[in-house]
Amino acid sequence: MNLLPTYSGRMRAWWSYWMSLAIAAILWVGVAVLTTYRDIEAPLANPVILLILVTPLVAAGLNLIVFRESHELVCRMEARRHPWLRALVGDGYSALTFLVTGVALLAFVGLILATRIR
């Protein structure tokens with residue numbers, strides 16, 4: 001029995017990670033654009049808005065940790081397909097790199113929450 005995820009399963013993990021980051025970027029940029037410098041504290045002080053802002057980052061971090069082997073395979077495959085990507089990532093990042101990146105992202109979320117919750 002083959003326990004490795006299928007090609008579509010690996011790609012689903014890859015794309016769900018990138019969608020989580022895109023949603024986070026849109027939310028954070030949206031808050032920055034829609035508020036003035038003086039008013040930026042208000043949305044970040046609201047626990048509900050703060051939860052909405054950090055949820056995609058948590059999802060992305062957990063995705064990198066849980067699906068790190070899939071990300072490694074997809075990264076290697078994409079590096080072989082695209083010469084410009086190979087110039088950036090070499091043969092592709094290892095599962096350990098994705099694990100460390102996921103942990104760093106979750107630590108960043110922890111830092112955001114620690115500085116905002118009083």
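The values are calculated or read from the model by the stated rules, or taken from the named source; none is laboratory data. These numbers were taken from a predicted model, which means no experiment stands behind them. Here the Cβ is made from the backbone with ideal geometry for all residues, glycine too, and neighbour counts use every protein chain on show.
How about region 30-69: which of its residues are among the basic types (Lys, Arg) and at pLDDT 90 or above?
Restricting attention to region 30-69, the residues satisfying the condition of being among the basic types (Lys, Arg) are 38, 68.
The one that is among the basic types (Lys, Arg) and at pLDDT 90 or above: ARG68.
Scanning region 45-96 for residues that are surrounded by 13 or more Cβ atoms within 10 Å (Cβ to Cβ), of a type in the set (Gly, Ala, Ser) and farther than 13 Å from SER16 by Cα yields ALA79, GLY92, SER94, ALA95.
Among the residues in region 18-26, are any touching a Pro at 6+ places or on another chain (Cβ under 6 Å) and β-branched (Val, Ile, Thr)?
Yes, region 18-26 contains at least one residue that is touching a Pro at 6+ places or on another chain (Cβ under 6 Å) and β-branched (Val, Ile, Thr).
Just for region 89-118: of the residues that are among the β-branched types (Val, Ile, Thr) and over 14 Å from ILE65 (Cβ atoms), which one is nearest to the chain's Cα centre (by Cα)? Spell out how you get there, then give the answer.
Taking region 89-118 first, the residues among the β-branched types (Val, Ile, Thr) are 89, 97, 100-101, 103, 109, 112, 115, 117.
Of the ones still in play, those that are also over 14 Å from ILE65 (Cβ atoms) are 89, 112, 115, 117.
On the way: VAL89: 17, ILE112: 15, THR115: 20, ILE117: 22 Å.
Selected residue: ILE112.
MET11 fulfils the conditions (1) surrounded by 13 or more Cβ atoms within 10 Å (Cβ to Cβ); (2) at pLDDT 85 or above; (3) closer than 20 Å to TYR93 by Cα except for a single criterion, (2). Here THR35 passes the criteria (1) out of contact with any Pro (no Cβ under 9 Å at 6 or more places or on another chain); (2) of a type in the set (Val, Ile, Thr); (3) exposed (fewer than 15 other Cβ atoms within 10 Å of the Cβ) except the one numbered (1). Across region 78-103, the number of residues qualifying as touching a residue at least 12 places away in the same chain (Cβ under 8 Å) and among the aliphatic types (A, V, I, L, M) comes to 6.
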